Every structure is written in C-alpha cells, then in structure tokens.
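Visitor: What follows is a structure written as structure tokens; I'll ask about it next.
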Amino acid sequence: MLSIMKGPYLQNPTEHTMTVMWETSLPATSRVDVLLAERIHSGHQGNYKQPVDLFGTFANESPTRIHQITVEGLEPGTTYYYRIYTQHESYKIDSGFYMFKTAAGQGEPFSFTVTSETGGYSGFDSSGGRINRRIFNRMKQYRPDIALFVGDVVHDGKLAEDWDKYFFGPGRDYFVDTPIYSCLGNHEDNASWYYDLFAFPEPKNFYAFYYGDAHFICLDSTDLIRKEDYPCSSGVMSPGNAQYDFLERELSTSNRRWKIVYFHYPPYISGGYQVEDLRQLCPVFERYGVDLVINSHTIVYERSHPLTQGTVDYDNGIVYIVAGGAGAMPGWLLPKREWHTSQSLAVPHFLQVVVTLDRLEVRAIDDEGRLFDTLRIRKSAEGKRDYI
C-alpha cells in the first residue's frame with residue numbers, strides 16, 4: 001500500500017522558488033500543483049485566502065521514495081496553495097491543499113523560529129515526546145516565515161525511524177507551511193539520511209542563504225571538531241580549510257544588513273560541553289560584522305553579553321545564544337555564571353526572532369508559552385549597534 005511517510009515539507013525558499021519534499025512507502029512518481037491564492041472578505045470573518053486558478057504543475061515521472069520538486073516562477077513575498085500527487089502502479093495519493101509563502105525581499109520584515117535537541121534530549125525525556133510536540137505547536141502559533149534547527153534533531157541519525165520519531169513526526173503540521181533549515185549535530189553522526197532528506201545548498205553540511213535583509217550562514221562544527229578529537233580542533237580552523245574559506249568568502253561578499261551564523265557546538269556557555277576551540281572563528285565573525293551566533297549542544301538556554309576579542313563590548317560586540325531548546329538539563333549549568341553570560345535558564349524553549357531593516361528582536365519562550373528573555377539590537381544606517 002502506498003502511503004506518505006514524511007511530509008510534505010518545505011525547503012529552500014527564495015523570492016521566486018520553493019522546494020517541496022516528501023517520502024513515500026513505495027517508489028512513486030512526483031507531482032506538485034501550485035494554485036494562486038485569492039484574498040477575499042467575508043463579513044466578521046475578516047480577510048482570508050482560498051485557492052483559485054492553477055499557477056502551474058511541476059512533476060517528475062521517475063519513481064522514487066524521497067521526492068524533491070522545485071516550483072519556479074513565483075512572485076516574492078506571495079502566498080500560494082499547493083498539493084502533492086504521487087502514484088505507484090494503481091495506488092494514488094492526493095495530499096489536499098497546503099499553503100506556502102515565498103521569501104521576503106530586501107526591505108521587507110520577516111520572522112523565524114529556532115530550537116534544537118528534539119532528539120538529543122530524548123534519553124533524558126520522561127514525557128514520551130510531549131515536550132517536542134508542545135514546542136512544535138508553540139512555534140507554529142507564531143506563524144514564522146522559516147525555522148532553524150541547530151542540530152541533534154534525532155537521537156541516532158543512522159536510524160531511519162529516529163527521523164520520524166523525533167523530527168518529521170512531531171513537526172509534520174509545522175513543516176507543511178514553514179520552510180526548515182538545520183545543521184549537523186553530534187547525534188546526526190553525519191548520517192546519509194541528513195543528506196537524503198534535506199535539499200540544503202551543497203555541500204549541505206555547511207551552506208548559506210539570504211532571506212529578506214539577513215544573510216544566514218550554517219557551519220558544520222562536527223567536522224571542525226571531529227569526534228575523535230573532541231573538544232579540540234586539531235588546528236583546522238585557518239585559511240585553507242574548506243569551511244573557514246567558505247565563511248570568509250560569504251561574509252566578505254555579503255550585501256545584507258544582518259549576518260547570522262549558526263552551528264551546533266557552543267564557543268561560549270556557562271555549562272558543560274563548551275567547545276572553546278571554536279573561538280578561533282570569532283575573529284572572522286568580528287572582522288565582518290556578524291550580529292548573532294546561534295548554537296546548541298548544551299541543553300539549556302543561554303545568551304551572552306555582546307562580545308569582541310574575549311571581552312564585553314556594547315558598541316561592536318557579537319551576541320552568542322545557546323538555544324538547546326527541546327529539553328531542559330539544569331544539571332548541565334555551572335553553579336555560577338561565567339563573565340560572558342548575560343541570561344541563562346534551563347527550560348524547554350524556542351526562539352522567536354523578528355528581523356526588520358534596522359532592528360533584530362529575539363524572544364525566548366518556554367514550552368508553556370511564557371516569555372522569559374528578550375534581546376533587541378538596533379542598527380543605525382552606518383551599522384552601529386544599540387543593544388536594548
């Protein structure tokens with residue numbers, strides 16, 4: 001019997017394209033119908049959208065289990081309806097309608113959410129996965145444009161069932177209309193499923209993308225800090241290393257207002273599993289004006305003071321946030337905060353981040369929906385930051 005195992009879920013939004021992916025139980029053909037969305041008014045119900053004319057059909061007739069269709073020719077910041085069709089011999093599936101929105105252009109505000117450890121926390125989670133489901137449901141309530149996951153989304157990346165149990169299962173209703181990005185954590189173990197199930201820009205373990213006025217850069221800290229050397233780097237973070245050169249090239253040519261870097265191991269955390277060797281990257285971040293670095297690995301929330309050259313700097317510093325979200329390990333925090341820590345709390349959580357041309361707002365929200373930390377960075381036309 002043909003069935004949809006994962007998805008549909010969204011990848012790689014641009015101003016003019018969207019990639020739709022799903023997995024089926026049997027090899028099947030792939031097809032995505034995209035319809036224009038008409039905004040109408042109905043009394044006290046207010047404005048809402050409904051599918052109208054067919055925009056286009058995008059198909060792949062070669063049978064496969066993991067389906068990837070890129071829809072092209074779209075308008076920026078525009079909402080469309082889509083549905084997937086997939087067929088194996090006489091078995092057919094029509095998913096029904098879902099919605100997606102193309103990427104915002106420069107000058108247009110947008111928002112995104114961040115969490116992690118949906119699988120990394122599983123060995124400590126006595127709730128039977130309720131924490132994961134609550135966090136996914138909370139994030140969906142905020143209707144973000146995209147979602148970032150900072151690694152350890154599964155418990156064992158080499159087990160196919162873990163990708164369903166900890167990530168695609170609890171996140172299904174969220175992923176049908178919210179494009180997702182992730183980075184490799186140690187629990188993914190550089191497994192082939194990561195490369196098969198995601199359509200990130202090549203080489204996938206590190207990549208970059210633009211969205212609105214932000215430049216996002218994803219690094220693979222599990223490659224920079226190899227398992228056999230952890231927590232040391234073996235001296236690879238220097239010119240000539242593929243990721244180092246990629247990072248410098250992306251930042252030196254960036255034309256976006258905000259620069260956000262994310263990777264799994266934290267260079268700053270007042271807790272266990274700090275990886276200080278990753279501070280070798282900080283001079284590159286500082287040289288090119290990175291605004292925010294997001295990490296995970298330690299299953300807590302922590303926000304640093306703005307930092308430059310290993311000191312607090314409220315004029316030009318970079319804020320480092322550990323968003324070890326889908327779990328809480330208070331025992332992993334040090335008895336007292338380190339000098340670099342501004343706020344810290346061990347609760348299941350996610351981040352909601354709002355980006356405008358001159359302001360970046362971060363809200364940390366727990367799995368019960370309570371706001372427990374905020375950060376605002378205001379940037380002048382000359383690029384000077386003001387932290388609120």
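Visitor: For Cys218, Cys232, Cys282, Cys183, what ranking results if the residue with the fewest other Cβ atoms within 10 Å of its Cβ goes first? Walk me through the intermediate numbers first.
Guide: Numbers: Cys218 25, Cys232 12, Cys282 19, Cys183 29.
So the residues, fewest neighbours to most, are Cys232, Cys282, Cys218, Cys183.
Visitor: Is there a quick way to get the dipole size of the stretch 110-387? I mean about its Cα centre, with the Cβ of Lys and Arg at +1 and of Asp and Glu at -1; what is the value in debye to the nearest 20?
Guide: On the way: 29 positive and 38 negative charges, 172 e Å.
Its charge dipole is roughly 820 debye.
Visitor: If each of Lys158 and Thr57 carries a label point 7 Å out from its Cα toward its Cβ, how far apart are those two points in nm?
Guide: Result: 4.4 nm between the two label points.
Visitor: Mean-square fluctuation check for the chain, GNM, Cα pairs under 10 Å: which of Thr222, Thr253, Thr19 is largest?
Guide: The residue that fluctuates most here is Thr253.
Visitor: With unit charges on the beta carbon (Lys/Arg positive, Asp/Glu negative), name the residue among Ser111, Leu54, Val284 whose Cα is farthest towards the positive pole of the charge dipole of the chain.
Guide: Result: Ser111, furthest along the dipole toward the positive end.
Visitor: Taking neighbour counts of Cβ atoms within 10 Å as a proxy for exposure, in what order, fewest first, do Arg303, Arg226, Arg134, Arg359 appear? It would help to have the intermediate numbers written out before the result.
Guide: Working: Arg303 22, Arg226 12, Arg134 19, Arg359 15.
Taking fewest neighbouring Cβ atoms as first place, the list is Arg226, Arg359, Arg134, Arg303.
Visitor: Just subtract the alpha-carbon distance of Val284 and Arg130 from 0.36 nm times their residue separation and send over the number in nm, one decimal.
Guide: Going from the current span to full extension adds 51.5 nm.
Visitor: Then there's this: Quick one: net charge around Val32, please, counting Lys, Arg +1 and Asp, Glu -1 for every other residue with C-beta under 15 Å from its C-beta.
Guide: Working: positive: Arg31, Arg83, Lys92; negative: Glu23, Asp33, Glu61, Glu72, Asp94, Asp177.
Taking every Cβ under 15 Å from that of Val32, the sum is -3.
Visitor: Give the long-range amide H neighbours of Val347: residues separated by 5 or more places, or on another chain, with amide H under 5 Å away, using H modelled in the peptide plane at 1.01 Å from N.
Guide: Under 5 Å from the amide H of Val347: Tyr301.
Visitor: Next question, about the same structure. Just to be sure I understand the model, the point goes 7 Å from the Cα along the line to the Cβ. What's the resulting Val354 to Arg65 distance in nm?
Guide: Placing both labels 7 Å along Cα→Cβ, they lie 4.4 nm apart.
Visitor: Where does the charge balance sit around Tyr181 when Lys and Arg score +1, Asp and Glu -1, over other residues with C-beta under 12 Å from its C-beta? Don't jump to the answer; show the numbers that get you there.
Guide: On the way: positive: Lys204; negative: Asp145.
For residues surrounding Tyr181, the net value is 0.
Visitor: So what's the angle, to the nearest 10 degrees on a 0 to 90 scale, between helix 242-252 and the longest Cα principal axis of the chain?
Guide: Taking the Cα atoms of the chain, the angle to 242-252 is about 90 degrees.
Visitor: Separate question: Just rank Ile93, Ile321, fewest to most, by other beta-carbon atoms within 10 angstrom.
Guide: Working: Ile93 17, Ile321 26.
Exposure proxy ranking, most exposed first: Ile93, Ile321.
Visitor: So, one more: When DSSP assigns beta bridges and you keep just the ones with both residues in the stretch 110-387, what percent turn out antiparallel, to the nearest 5?
Guide: Details: 38 of 57 bridges.
Of all bridge pairs located within the stretch 110-387, approximately 65 percent are antiparallel.
Visitor: Compute the Rg to Rh ratio over the chain from the alpha carbon atoms, using the Kirkwood formula for Rh, and round to two decimal places.
Guide: Rounded to two decimals, Rg/Rh equals 0.97.
Visitor: Can you say what percent of the DSSP beta bridges in the stretch 120-273, counting only those with both residues inside, are antiparallel? Round to 5. List each step's numbers first, then the result.
Guide: Values: 5 of 13 bridges.
The antiparallel fraction comes to roughly 40 percent.
Visitor: Under unit Cβ charges (Lys, Arg +1; Asp, Glu -1), what dipole magnitude, rounded to 20 debye, does the stretch 118-277 have relative to its Cα centre? Don't jump to the answer; show the numbers that get you there.
Guide: Details: 16 positive and 23 negative charges, 153 e Å.
My answer is approximately 740 debye.
Visitor: Apply 1/(1 + (r/R0)^6) to the Cβ-Cβ distance of Tyr230 and Met5, taking R0 = 30 Å, and write down the FRET efficiency to the nearest 0.05.
Guide: On the way: r = 33 Å, r/R0 = 1.10.
Plugging the Cβ-Cβ distance into 1/(1 + (r/R0)^6) gives 0.35.
Visitor: Rounded, prolate or oblate: pick one for the stretch 4-101, where a ≥ b ≥ c are the square roots of the eigenvalues of its C-alpha gyration tensor, a/c under 1.5 means rounded, and failing that, prolate if a/b is larger than b/c, else oblate. Intermediate values should be presented prior to the final figure.
Guide: Numbers: a/c = 2.42, a/b = 1.77, b/c = 1.37.
It is prolate, given that a/c is not under 1.5 and a/b is the larger ratio.
Computed from the coordinates by the stated procedures, all read-outs in this text should not be read as laboratory data. Computed from a prediction, not measured in an experiment: that's the story for all the values here. With ideal geometry, Cβ positions are generated from the backbone for all residues, glycine too; neighbour counts draw on all protein chains shown.
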